[in-house]
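Structure first, commentary second.
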Amino acid sequence: MRLEYFQLIDRIVALDLDARTIAVDAQVPETSTIFEGHFPGHPLMPGVLLIEAMAQTCGWLLIGLNGFSRMPFLAAVKEAKLRTFVTPGQALSIAGSLVHDGSGFAMAHASVRCDGKAVCEADITFRIVPFPDPSFRTGMEDFARKIGFPLEAIAHG
């Protein structure tokens with residue numbers, strides 16, 4: 001996890017396009033400038049970054065389902081529940097599943113667990129559009145390789 005760069009996913013553990021599910025791992029860093037202000041003397045992972053990690057997880061699922069031909073952009077977060085705190089150094093397991101896809105939008109459900117316990121969950125809506133330009137797609141493909149996204153198994157559109 002590189003918080004300052006909004007790179008919140010370390011590794012894709014499972015991507016099942018038939019079941020429309022994804023699982024990823026993310027290790028909260030021990031140190032980050034984010035923790036200097038959130039909160040001084042009591043560092044906690046900001047809830048908004050946990051929601052972003054869930055959105056990124058589901059975003060990779062949608063990229064896979066669309067054969068890397070379209071890009072999901074966060075459009076709405078509903079029913080978000082933050083159940084407990086996350087501290088520096090904790091390992092997170094993030095899961096996502098597609099609930100609905102159509103008319104240029106997709107809805108997914110995501111959850112975060114730490115040490116087997118529920119941390120948070122949310123229903124997330126995405127706007128699905130063509131990649132804005134080829135260099136953006138290339139950058140996403142480069143990052144996909146770093147996190148273990150199975151590019152070779154996905155039919156590029």
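The values are calculated or read from the model by the stated rules, or taken from the named source; none is laboratory data. All of these numbers come straight from a predicted model, not from anything done at the bench. Glycine also receives a Cβ, built like all others from the backbone with ideal geometry; neighbour counts cover every protein chain displayed. Each accessible area value is taken on the protein alone, full model and side chains, heavy atoms only, with ligands, DNA and RNA left out. Shrake-Rupley method; radii C 1.70, N 1.55, O 1.52, S 1.80 Å.
Six or more apart or on different chains, Cβ under 7 Å: which pairs go from a residue in the stretch 77-105 that's in contact (Cβ under 8 Å) with a residue 24 or more places away in the chain and closer than 19 Å to Met1 by Cα to one that's open to solvent by 80 Å² or more (accessible area, probe 1.4 Å) and in a loop (DSSP other than H, G, I, E, B)? Could you list them?
The qualifying pairs are Pro88/Glu30; Pro88/Thr31; Gly89/Glu30.
Any residue in the stretch 32-52 that's in contact (Cβ under 8 Å) with a residue 12 or more places away in the chain and closer than 13 Å to Phe6 by Cα: show its pairings with residues that are open to solvent by less than 50 Å² (accessible area, probe 1.4 Å) and part of a helix (DSSP H, G or I) at Cβ separation under 6 Å, as long as the two are six or more apart or on different chains.
Ser32/Leu3; Ile34/Leu3
Would you check if Leu50 is within 14 Å of the chain's Cα centre (by Cα) and either acidic (Asp, Glu) or farther than 22 Å from Gly116 by Cα (or both)?
Details: within 14 Å of the chain's Cα centre (by Cα): yes; either acidic (Asp, Glu) or farther than 22 Å from Gly116 by Cα (or both): no.
Considered against the rule, which asks whether it is within 14 Å of the chain's Cα centre (by Cα) and either acidic (Asp, Glu) or farther than 22 Å from Gly116 by Cα (or both), Leu50 comes out as no.
Take the conditions farther than 21 Å from Asp25 by Cα and under 16 Å from the mean Cα position of the chain (by Cα) and apply them to Arg113. Does it pass?
Working: farther than 21 Å from Asp25 by Cα: no; under 16 Å from the mean Cα position of the chain (by Cα): yes.
No.
Which residue, of Ile34, Ile94, Ile51, is open to solvent by 40 Å² or more (accessible area, probe 1.4 Å) and more than 26 Å from Ser135 (Cβ to Cβ)?
Details: Ile94 fails: open to solvent by 40 Å² or more (accessible area, probe 1.4 Å); Ile51 fails: open to solvent by 40 Å² or more (accessible area, probe 1.4 Å).
On inspection, the qualifying residue turns out to be Ile34.
What single numbered condition from (1) in contact (Cβ under 8 Å) with a residue 40 or more places away in the chain; (2) open to solvent by 10 Å² or more (accessible area, probe 1.4 Å); (3) within 25 Å of Phe143 (Cα to Cα) fails to hold for Val112?
(2)
Which pairs have Cβ atoms under 6 Å, sit 6 or more apart or on different chains, and link a residue in the stretch 129-156 that is on the phi > 0 side of the Ramachandran plot to one that is outside any loop (DSSP other than H, G, I, E, B)?
If the second residue must be outside any loop (DSSP other than H, G, I, E, B), the pairs left are Gly148/Arg11; Gly148/Ile12.
Return yes or no: is Phe73 within 16 Å of the chain's Cα centre (by Cα), more than 25 Å from Glu30 (Cα to Cα), surrounded by fewer than 19 Cβ atoms within 10 Å (Cβ to Cβ) and of a type outside the set (Ser, Thr, Tyr)?
On the way: within 16 Å of the chain's Cα centre (by Cα): yes; more than 25 Å from Glu30 (Cα to Cα): yes; surrounded by fewer than 19 Cβ atoms within 10 Å (Cβ to Cβ): yes; of a type outside the set (Ser, Thr, Tyr): yes.
Spelling it out, Phe73 is indeed within 16 Å of the chain's Cα centre (by Cα), more than 25 Å from Glu30 (Cα to Cα), surrounded by fewer than 19 Cβ atoms within 10 Å (Cβ to Cβ) and of a type outside the set (Ser, Thr, Tyr).
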